[in-house]
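Step one of this worksheet: look at the structure below.
Since every read-out is calculated from the coordinates, none of them should be taken as a lab result. Just so you know, these numbers come straight off a predicted model, no measurement behind them. Please note: Cβ atoms are built from the backbone with ideal geometry, for glycine as well, and neighbour counts cover all protein chains shown.
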């Protein structure tokens, strides 16, 4: 019985765009064998994205493998199926943690015989965060598997939301039913209602189409987007929108609407994989592994987490502390490790340069005292402008906007342009998402500098490595931190730092009372926030996100401003500290006391071009440089995104087969493509809008009353879709 393909088919079967299969070099390589999932997005389909996300999520449970095996434990990757696009990170620190965040769930799958329905009961005790956190129970009854004639199969799917499983305060629920009452047709209906405080949110849909999916009718509705009616053929889609179903124009005999194509699409790639450009083998990144820890800090390792390059994730935030033992389970063999934490992170920066002639068009962010004193905006938007091309008085960096972060993302208010005037040998500190983070410009130079970054975690003790001797002395000349930071030191931008231009020394060691912590030689204090401070204490300061030192080097320089001259300093270190997990270090040591090393994401500079663009036209991004990263398993980032309403889409997409890396050692291929239908004005005259053969539901007919969640001892049977 096929069950795991249903998630992809719910959306794509109605407006399917095909699967891209592009070969690279020889037939049979991992590159040529890798498939690309394509799906179509349209605002009318938003109500049924929930269905797609839930089924994607539950596909990670590998249910058919565990039929009649009793309850089993699953750690599922929520982020792989549910998109959280409200990340308001401004890049003022090393960024929020990229550590995988798993959800614990218990599943029990039963089936009386090969011809009987597959019944799946699932309990998810905690899903979401903060005020949105809830417990979920769902029940799926699958009576017929997916087939060529019915790609949905036949199933009922009920789900209920609760505050938690202790008091079962109802927060709503929903139901998905496949259509089996209309001969020669397939489809499904959806109804969901959920409670958020005093507000109730509902969405519903009915989709009925011919069994070959060549034509059909659909109605969808959500409290956010209103109501939509769709009629589609093999070539086109006719679309209407109104505030509710009764107001749709076709209800009054008006058949006009927006005509879209089912054969011509604009494509946006959301996930990519990298392959070896010579062999076509997929590139893997060993970035971490799952662990177990004792929730009561005893020898009973009953809870789950993940440790890796980005730090540690645990079921309960903050549950694993410094010195605690965690275990890695390999087929029942438990290997213990000791958790090591530090109040900050030492970050290695390898200097890269970008000529000013190529900086035009790159967006920069900039902070100064005026940002902190004016609460109406959060950062300056800065552009490099030239007298010949931008009608400004002289070449330089200009403030061009005020950016404010809100609940729905950033808003930019035009400003100036006003030039940022620099004194002789003065440095300009900026941030650019496009260039991977911090950017510095030394007055008078013809290029700016940006950096490839990696975390120092104490494992760098090999021959010739930074910590080969157990410790290192670092020399600082600019923005040198004073030591332990009290609330009085955080009230101004300059408060945490010593006078610029004066050399200060710091030590960083793998052992001792301040292991893996930067210590000021001048004050003999560890560089950290005072242990008594809370996030509420610092929220109104310029350093609520944390503090970063200026660059530190392993040997002295002649002049303080040489630190920013890439011909003199090609590698340096900065110390970041704060109260959040993203600006602190968490590592583990093995039985010999050695810090376990994980692979950092692959990082390299990439310059975009028409030939590399999926559309063949790079537009304003032609010739621009981006610092991109690959963390394995489709996780590729560094391409800028833009926001429309609450949706984020990439500014451009890369074509399959583009060579990448410093030596063209990689080749890239799309793993997941979102397609939007192009306009087809005048081509929908043969389409007629009407009510679907199955009415849109206004309530649920079943329930997910599956009883109390079973207690499951032992290790998870499935982690992120991989059977253990």
For this session: Pop the C-beta distance of residue 324 and residue 580 into the FRET formula with R0 = 22 Å and round what comes out to the nearest 0.05.
Result: 0.65
Seminar exercise, completed: Per the 1/(1 + (r/R0)^6) rule, R0 = 35 Å and r from the Cβ atoms of residue 169 and residue 246, FRET efficiency to 0.05 is 0.60
Problem set entry | Normalised contact order of the stretch 288-341, rounded percent, pairs of Cα under 8 Å and 6 or more residues apart | 30
For this session: Work out the FRET efficiency for residue 413 and residue 711 from their Cβ-Cβ distance, taking R0 = 51 Å, and round it to the nearest 0.05.
Result: 0.40
For this session: For Rg/Rh (Cα atoms, Kirkwood Rh), several values are listed as [x] 0.98; [y] 1.14; [z] 1.07; flag the one computed from this structure.
Result: [x]
Problem set entry | Where Rh is the Kirkwood radius over Cα pairs, Rg/Rh for the stretch 505-602 | 1.00
Exercise. In deg cm²/dmol, rounded to 500, what helix-only [θ] at 222 nm does the chain give when every DSSP H run of at least 4 residues adds -39500 (n - 2.57) and the total is split over its residues?
Worked result: -1000 deg cm²/dmol
Seminar exercise, completed: Whole-number value, in Å³ per residue, for the convex hull of the alpha carbons of the stretch 598-681 is 130
For this session: When you have a sec, figure out the Kirkwood radius of the stretch 133-176 from all distinct Cα pair distances and drop it here in Å to one decimal?
Result: 11.9
Exercise. When the Cα centres of the stretch 645-724 and the stretch 141-204 are compared, how far apart do they sit, in Å?
Worked result: 17
Problem set entry | Normalised contact order of the stretch 502-611, rounded percent, pairs of Cα under 8 Å and 6 or more residues apart | 18
Exercise. Can you give the angle from 0 to 90° between the axis of helix 49-59 and the longest principal axis of the chain, with both taken from C-alpha atoms, to the nearest 10?
Worked result: 80
For this session: Divide, for the stretch 417-532, the radius of gyration over alpha carbons by 2.2 N^0.38 Å, where N is the residue count.
Result: 1.26
Seminar exercise, completed: The simple spin-label model distance between residue 156 and residue 589, using points 7 Å out along Cα→Cβ, in nm, is 5.8
For this session: Subtract the Cα-Cα distance of residue 648 and residue 289 from 0.36 nm times their separation in residues, and report this length gain in nm to one decimal.
Result: 126.3 nm
Exercise. Between the stretch 235-307 and the stretch 485-563, what is the C-alpha centre distance in whole Å?
Worked result: 41
Problem set entry | Ranked by how many other beta carbons lie within 10 Å on average, peptides 70-78, 417-425, 371-379 from highest | 70-78, 371-379, 417-425
Problem set entry | At 1.306 mPa s and 10 °C, Stokes diffusion of the stretch 288-341 via Kirkwood alpha-carbon radius, µm² per second | 144
Exercise. Which whole-number percent gives the relative contact order of the chain, counting Cα pairs below 8 Å spaced six or more residues apart?
Worked result: 18
